[in-house]
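Below: the structure, in structure tokens.
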Amino acid sequence: MGKTKEHSEQNRGIIIDLKAIKIPRQTVDYIVKKFASEGTISNSIRQGTPRATLSEDLNIVVKSKRNRRLTAPEIPAQFNLGRDKPVSVSTIKRRLLDAGLKGYACRMGKGETSVTTAAVVPPARTELLKQVSITHCRYENNEQ
């Protein structure tokens, strides 16, 4: 048989208490070791992959607000012209959603589609705003 691990009086008391509520010794050892090394047992912040557009997030939002007819694929096409690391369409969509801009398409009839644009989503729309939006979509669809 192998030699058992020796614990201090304090740790032994903790282990005995936790055995009573049926927590494995290995879990207790892990928690004690983590607390001794880090000073806390909470989860550490995970860094993940660094953001590709950290300094340009505001520029993406401003560009979308200035020209509301820009689609999500058009924005990275403009951004990637002078960049070493390209920005994906999904990254642009996430940045716009984080800023409160949501892509939407006008309602169409009988399977027609419209270009998706980014616009600020108001918290509550009144009947007048709904009517103006429907009229705008009808006008926009008749132009094409």
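Just for helices (runs of 4 or more DSSP H) wholly inside the stretch 56-144: which have at least 3 residues that are at pLDDT below 60?
127-143
Do we have Ile31 as outside any loop (DSSP other than H, G, I, E, B) and closer than 17 Å to Gly103 by Cβ here?
Values: outside any loop (DSSP other than H, G, I, E, B): yes; closer than 17 Å to Gly103 by Cβ: no.
It is false that Ile31 is outside any loop (DSSP other than H, G, I, E, B) and closer than 17 Å to Gly103 by Cβ.
Give all pairs with beta carbons closer than 7 Å in which a residue from the stretch 21-38 that is hydrophobic (A, V, I, L, M, F, W, C) meets a residue that is surrounded by 10 or more Cβ atoms within 10 Å (Cβ to Cβ); count only pairs at least 6 apart in sequence or on separate chains.
Every condition considered, the pairs that remain are Val28/Ile14; Val28/Ile15; Val28/Leu18; Ile31/Ile41; Val32/Asn11; Phe35/Ile41.
Criterion first (farther than 30 Å from Ser8 by Cβ and among the polar types (S, T, N, Q)) does Ser64 satisfy it?
yes
Just need a number here: residues in the stretch 53-76 that are surrounded by 15 or more Cβ atoms within 10 Å (Cβ to Cβ) and hydrophobic (A, V, I, L, M, F, W, C).
Residues meeting the conditions: 5.
Output the residues belonging to the stretch 80-102 that are surrounded by 15 or more Cβ atoms within 10 Å (Cβ to Cβ) and in contact (Cβ under 8 Å) with a residue 24 or more places away in the chain.
Val87, Thr91, Ile92, Arg95, Leu96, Ala99, Leu101
The values are calculated or read from the model by the stated rules, or taken from the named source; none is laboratory data. As the structure is a prediction and not an experimental result, all values here were calculated from the model. Cβ atoms come from the backbone with ideal geometry, glycine included; neighbour counts cover every protein chain shown.
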